[in-house]
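Worksheet: the structure to be examined is printed underneath.
The values are calculated or read from the model by the stated rules, or taken from the named source; none is laboratory data. None of the values given here were measured: they were computed from a predicted structure. Here the Cβ is made from the backbone with ideal geometry for all residues, glycine too, and neighbour counts use every protein chain on show.
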Amino acid sequence: MEETRSLRDKTARGFLWGGINNGTVQVLGALFGIVMLRLLTPADYGKVAMLMVFSNLAATIQESGFTAALCNRRPTHRDYNAVFWFNIFCSALLYGVLWCLAPFIARFYGDPVLLPLSRYLFLGFFISSWGTVQRAWLFIHLKNKQTCIIAITALLVSGLVGMGMAWAGMAYWGLATQNILFVLVVALMNWYYSPWRPTLHIDLRPAWQMFGFSSRLLVASILNQLSSNAFGILLGKFYGDVQAGFYSNARKWNDMCSGTIGGMLTGVAQPVLSQVVDNRERYCQVFRKMLRFVSFISFPALLGMGLVSREFLLIVAGGKWESSARLLTMLSLYGAIFPLLTLYSQLTISQGRSRINVWCTSALSALILSGLVALHSFGIYVMVTYFIAINMAWLFVWQYFAGRLVGLRLHQALSDVLPFALLAAASMTATWFVTLPITHVWVLLLAKVVVAAGLYLGILWVVRATILRESIHYLLGMRKSATP
């Protein structure tokens, strides 16, 4: 009983600090993003978006799934040291390759500005490699509070500098500098908070021993990055940087919201689930609790974002970004299920079944990539619809493997997820009809938020939903314990 309470408290603290971390980061990011949207054009965003796929892909290869591999064992200094130097060597090699490929990238998009911009932006993943192991140490030891401080500090520093550069007329260079400064501050503060330090005795054998597990995650991550960034490549190539900028902006706001919830999961799910991996029944109970909590938060938050997308973008960014609103509404459906996809992925990793993880992710990514390439001539809205539909369908594939691994039945998962999804959808639909007569954009935004939140939470309170009452009691308990 004491062990159960300890695990519950540890999970709750992890979610709390993960929520504070990601919530604060997203709020600050939104504030800086609003200013940047006012200062920059869709073409400016499009230029950086077209290059981020290469930078993100290189960062994924550099990390190589070693954070998860370290988490799934009791790592020694020798393990940490091997991964540290592997990351440094790998990132240096990748940066050299991308430096040489920069002229071809600029020629592919037909924009000579991308040559110097890409070589500058690609510095980010090389800088990040110097703090990867320290970040893994903080992750393994559930140092969510320190991670929160790191993220907020990095965002403040990078956001202020990027905003200043954009204000001075440096346009997309400000966006690129913002990205680089963010990873630099994160790397430096990871060193500050982590007690682990590398040594010059370089032995890469432990890294190769872990590579059997991590390489499967690496393949899955590479394909996931390609499918996630396929829009940036295809839109930049066939529709130009303006359309790429519209999509990038919509995807950014969607990811801010879903990333808050996904970040909470990433920082907690695998370490907590790994502690109960030997008890199948207990594992299933913990996983279902997480599934309910994520559904309770994710569906109203993301469907609500879709509900207010037009009013929100008109207010914060102006009419030049209105074309992003419809895309944001559509993407909110994907954003609502993204945390569930993340949670199922964490289940397979914590079970040590990286083969299943890589198969699921690889098959999904292949379907997304091939579908988007085949459909690109039909326009962006058809591509986005396909992207959302295939991700929603793939939840059932993840569920099939969850049933095989931990005995989670489909009807159990549906009973955990559907009530919150249907209630959120009904609340947003009712809100849309109720607020139809309102024409003033500010009043309409406020009315939608108040009515939707009131309906959703009010119904949960009336039906005495356990997850709502547990969340309130825990937050009140935290407040009381913090009171002197």
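General remarks:
- Close pairs from the range 181-194: first outside the structural domain of SER158 (by TED's automatic domain parsing), partner modelled with pLDDT of 90 or more and part of a helix (DSSP H, G or I), Cβ under 9 Å, at least 6 apart: none
- Any hit, the range 400-418, residues being in a loop (DSSP other than H, G, I, E, B) and free of Cβ contacts under 8 Å to residues at least 60 places away in the same chain: yes
- Residues of the range 372-425 classified as more than 23 Å from the chain's Cα centre (by Cα), of a type in the set (Gly, Ala, Ser) and under 20 Å from THR348 (Cα atoms), total: 2
- Of all residues in the range 426-441 being more than 29 Å from the chain's Cα centre (by Cα) and part of a helix (DSSP H, G or I), the one that is modelled with the lowest pLDDT: VAL441
- Taking the criterion of being part of a helix (DSSP H, G or I) and surrounded by fewer than 18 Cβ atoms within 10 Å (Cβ to Cβ), the residues of the range 448-466 that qualify are VAL449, VAL450, ALA453, GLY454, LEU457, GLY458, ILE459, TRP461, VAL462, THR466.
- Of all residues in the range 126-173, those satisfying the criterion of being in a helix (DSSP H, G or I), of a type in the set (A, V, I, L, M) and out of contact with any helix residue (DSSP H, G or I) (no Cβ under 7 Å at 6 or more places or on another chain) are ILE149, LEU160.
- Residue selected from the range 310-364 under the condition under 20 Å from LEU223 (Cα atoms) and polar (S, T, N, Q), by the criterion surrounded by the fewest Cβ atoms within 10 Å (Cβ to Cβ): SER362
- Selection within the range 300-315 - in a helix (DSSP H, G or I), among the aliphatic types (A, V, I, L, M) and modelled with pLDDT of 90 or more: ALA301, LEU302, LEU303, MET305, LEU307
- Selection within the range 373-401 - under 17 Å from PHE338 (Cβ atoms) and either of a type in the set (A, V, I, L, M) or touching a strand residue (DSSP E or B) at 6+ places or on another chain (Cβ under 8 Å) (or both): VAL384, ILE388, ALA389, ILE390, MET392, ALA393, LEU395, VAL397
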